[in-house]
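The values are calculated or read from the model by the stated rules, or taken from the named source; none is laboratory data. Small disclaimer: the values here were computed from a predicted structure and weren't measured. Positions of Cβ are generated from backbone atoms using ideal geometry, with glycine treated the same way; all protein chains shown enter the neighbour counts. Remember, those area values only see protein heavy atoms, side chains included, never the ligands or the DNA or RNA. Shrake-Rupley method; radii C 1.70, N 1.55, O 1.52, S 1.80 Å.
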Amino acid sequence: MREISYKSPLYIQLREVIRSKIEEEEYLPGTAIPSENQLMETYGLNRVSVRSALAALEFEGLLKSVQGKGVFVAGPKAKRNMDTLGGFHNTMRQSGGNTATRILNKTLRQAGPYYARLLEISPESTIWFIRRVENTAGEPVTLEELYIPYSVVPGLEEVDIKLFSIYDIYQWNGIVLGEGHQTLRITRLPPMLAKHMDVPPEQAVMELSCTTRDRGGRVVEFSRSYVRNDKAEFVVHFRHTNPQLV
């Protein structure tokens, strides 16, 4: 904490109290801090002082204010590009523009034989199942399904995944992604999923499946993304390493 005294302005004192709680992980990344009214009551401050403290921390990037929901701890930032692990969902959000996420499912379930094999865990293990739609300019572009062992991110229920990337959450939990195995194919969606993607069931979409491991070789995620080929495309960068192939 920075050096402050009781002679410092009240908003600075509150700013440093909140900063300390973030640094000491009393306020965890991705979770909401107490409301303005709660802070006013707890510390005996007026609304102007509370808002000034929160605005200063938001300007520093430590907090994220969301209208109608509250103020959240932003957590450390990470930069990625399309040549690194991160998933199609995260690539779209990193690219900027008018994007929005709609969560269809965020539940705990048993892995079962199929996902246990993909995640290299027992069939009885508990996993997170997340299904979400990513919209760009008001139109659905990709539908993503994530299967994550509960042991990888046990605190995921406290995080609003509409506001924070799964890959930011991995970083907050000390998970360093190592490698992924991706498969791309053309498929058609079941009627229910096609409706969420605003396409007819007979329309072909791209399906990208990926198994992701951390640096230690542990499987941390299996993802399956359905992408509208009329709204997106994949770009792969490569270079020749054998002059005889040129």
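If you go through the range 83-92 one residue at a time, do you hit one that is open to solvent by less than 50 Å² (accessible area, probe 1.4 Å), in contact with a Gly (Cβ under 8 Å, 6 or more places away or on another chain), modelled with pLDDT under 95 and outside any strand (DSSP E or B)? Can you show your working first?
To start, the set of residues in the range 83-92 that are open to solvent by less than 50 Å² (accessible area, probe 1.4 Å) comprises 85-92.
Pick out the ones that are also in contact with a Gly (Cβ under 8 Å, 6 or more places away or on another chain) and you get 85.
Next, only the ones that are modelled with pLDDT under 95 stay: 85.
Adding the requirement that they be outside any strand (DSSP E or B) leaves 85.
There is at least one residue in the range 83-92 that is open to solvent by less than 50 Å² (accessible area, probe 1.4 Å), in contact with a Gly (Cβ under 8 Å, 6 or more places away or on another chain), modelled with pLDDT under 95 and outside any strand (DSSP E or B).
Of the residues making up the range 52-72, those that are in contact (Cβ under 8 Å) with a residue 24 or more places away in the chain and either of a type in the set (A, V, I, L, M) or assigned to a helix (DSSP H, G or I) (or both) number 9. Filtering the range 22-42 to residues that are open to solvent by 40 Å² or more (accessible area, probe 1.4 Å), within 29 Å of residue 168 (Cβ to Cβ) and either assigned to a helix (DSSP H, G or I) or in contact (Cβ under 8 Å) with a residue 24 or more places away in the chain (or both) leaves 23, 28, 32, 35, 36, 37, 38, 42. Would you pick out the residues in the range 147-179 that are in a loop (DSSP other than H, G, I, E, B) and either farther than 24 Å from residue 124 by Cβ or among the polar types (S, T, N, Q) (or both)? Residues satisfying the conditions are 151, 159, 160, 161, 162, 163, 164, 165, 173, 174, 176. Note on the range 99-120: residues that are open to solvent by 50 Å² or more (accessible area, probe 1.4 Å) and over 19 Å from the mean Cα position of the chain (by Cα) total 6. Taking the criterion of being surrounded by 15 or more Cβ atoms within 10 Å (Cβ to Cβ), not small (Gly, Ala, Ser) and not in a strand (DSSP E or B), the only residue of the range 121-132 that qualifies is 121.
Could you run through the range 115-145 and say how many residues are under 18 Å from residue 226 (Cβ atoms) and aromatic (Phe, Trp, Tyr)? Reasoning before the result, please.
Applying the first criterion (under 18 Å from residue 226 (Cβ atoms)) to the range 115-145 yields 115, 118, 129-136, 139-145.
Still in the list and also aromatic (Phe, Trp, Tyr): 115, 129.
Residues meeting the conditions: 2.
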